[in-house]
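Working notes for the structure below.
The values are calculated or read from the model by the stated rules, or taken from the named source; none is laboratory data. Values in this document were obtained by computation on a predicted structure and should not be read as measured data. Cβ coordinates were reconstructed from backbone atoms using ideal geometry, including for glycine residues, and neighbour counts include every protein chain displayed.
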Amino acid sequence: MRITLRAKDAGDAQRIVNEVAQILEGAQKMEGPPPIPTRFKAACEFCGYDLDTRKEGVHQWTAGWVMQREGGGGHGISLAKRENRWAHRHCVDRASRGFAHQERMF
Ligand SMILES: [Zn+2]
């Protein structure tokens with residue numbers, strides 16, 4: 001794409017440059033979702049992409065005590081210990097169905 005601008009003088013040229021810069025800056029700001037604040041940002045253990053730990057559906061790794069039921073199966077988690085490990089909901093769903101792609105896992 002080529003844009004030709006005609007400025008009357010140096011001051012006019014500067015004004016045009018500033019206007020174009022503002023338009024470009026605005027266009028860049030509209031691209032993609034807003035950045036995630038650092039304290040809420042984590043990498044998904046499955047796909048490696050950033051996720052927002054405040055978002056509904058995001059999964060956090062948890063360890064704890066599970067009471068065995070008669071005939072197998074667990075019964076909730078007592079004394080759950082949450083760790084700083086995170087994953088997207090869809091990535092956990094995929095992994096639990098056996099379609100894990102962990103090539104980007106650290
Ligand atoms: Zn993911």
> Which one is nearest to Phe99 (Cα to Cα) among residues in the range 34-50 that are more than 9 Å from the ligand (Cβ to nearest atom) and not aliphatic (A, V, I, L, M)?
Replying inline: Asp50
> Is it the case that Arg15 is touching a helix residue (DSSP H, G or I) at 6+ places or on another chain (Cβ under 8 Å) and of a type in the set (Lys, Arg)?
Replying inline: no
>> On the basis of being away from the ligand (no atom under 16 Å from the Cβ), loosely packed, with under 13 Cβ neighbours inside 10 Å, under 30 Å from Ile3 (Cα atoms) and at pLDDT below 90, does Gln14 make the cut?
In response: yes
>> Among the listed residues Gln68, Gln22, identify the single one that is of a type in the set (S, T, N, Q), within 25 Å of Gly98 (Cβ to Cβ) and more than 16 Å from the ligand (Cβ to nearest atom).
In response: Gln68
